[in-house]
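Report on the structure given below.
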Amino acid sequence: MAYRTDFLFYILSDFLLQSMNLVFILVVFRHVDQIRGWSREEMLFIYGFFMVPFGFYSGFFNHLFDVPEKYVMEGQLDRILVRPLNSLFQVIMETMNLELIAGIIPGLVIMGYAAASLKLQWYWWDIPLFLVMVLGATLIYAGIYVTLASLGFWFEGRMGLMPMVYNLSNYGRYPVNVYKGILRFILTWVLPFAFVGFYPSTILMRRREYYAYALLTPLVGLIFFTTAYFIWSRGIKRYLSTGS
């Protein structure tokens, strides 16, 4: 907020970027009524939900790709390690862009519009359920990208995997049954981006055939983040600074 104009333009540019994905969905459904049994409103609901954990990821974890080059190769991790605070917590706080969290606002708006169009009936427990699902989805994002950042302790230079994984994450905003074979398996069990948008949103849409998967979202998030923190801790022990 020290540079308010830059802050506002940053938010605006992010809104415009996300709106392009929304336009894509709307254009497709001008030519078809359903895709593999999913209507336009259901697709919009999934997309809106996806934007909420994606907003938290963008604000707190999006710049972890700086770790291999900035913190490891340039030795900036030295000043992190001499402080009496958790190293991962410090890196996340240094690299976060809070303005990107604003991306959750259009996500909530899209969800609200889609829910009204679908005439979904809401109950009091849907709010804590929604929050738990968002938390689980965010932990999945965090776990995957902390793991990729941690690989910088073993491999020198910027990790080329991050852009590829980032692009793959976009598949989580669509129903997983539109994909075939190995891609569906990867999005569910290897890089579980289907648990970021698709599966947790189905429980809010009362799609009972996916309830079992949806309820796994918090557990998958906890497992991936715990594993990522373990890998980070092991990587910290390998860090040798840059020398003199």
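Percent of accessible area on the stretch 1-151 owned by carbon and sulfur, 1.4 Å probe?
Ligands and nucleic acids excluded, carbon and sulfur reach 69 percent.
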- Task: Report P(r) for the stretch 92-170: all Cα-Cα distances, bin width 10 Å, range 0 to the bin holding the largest distance, values in whole percent.
- Result: 13, 35, 30, 16, 5, 0
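When ranked by the protection proxy of mean other Cβ atoms within 10 Å per residue, highest first, what sequence do the peptides 188-200, 95-107 form?
Highest to lowest by the protection proxy: 188-200, 95-107.
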- Item | Translational diffusion coefficient (Stokes-Einstein; Kirkwood radius from C-alpha pairs) of the chain at 25 °C, 0.890 mPa s, in µm²/s | 129
- Paramagnetic label zone (point 7 Å from Cα along Cα-to-C-beta, I127; backbone N under 20 Å) in the stretch 31-57: 49, 52-53
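Using the Kyte-Doolittle scale, find the helices of the chain whose mean hydropathy is at least 1.6 and whose Cα atoms extend 15 Å or more along the helix's long axis, counting only whole DSSP H runs.
104-118, 126-150
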- Item | Inter-label distance for A2 and K119, nm, one decimal - labels placed 7 Å from Cα along Cα-to-Cβ | 5.4
- Give me the distance in nm between label points sitting 7 Å out from Cα along the Cα-to-Cβ direction at S13 and Y166, one decimal. 1.2
- Per residue, in Å², the accessible surface of the stretch 130-222 once ligands and nucleic acids are set aside, probe 1.4 Å: 42
- Dipole axis of the stretch 35-165 (+1 Lys, Arg; -1 Asp, Glu on Cβ), positive-most option in F153, I110, Q76: I110
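Heavy-atom accessible area per residue, the stretch 1-92, 1.4 Å probe: how many Å²?
55
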- Message: Between the stretch 180-244 and the stretch 29-93, what is the separation of their alpha carbon centroids in Å?
- Response: 12
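The values are calculated or read from the model by the stated rules, or taken from the named source; none is laboratory data. Note that the structure is a prediction, hence the values are computed from the model and not measured. Reconstructed Cβ throughout: ideal geometry from the backbone, glycine too, with neighbour counts over all protein chains shown. Note: areas computed on protein heavy atoms with side chains; ligands, DNA, RNA excluded. Shrake-Rupley method; radii C 1.70, N 1.55, O 1.52, S 1.80 Å.
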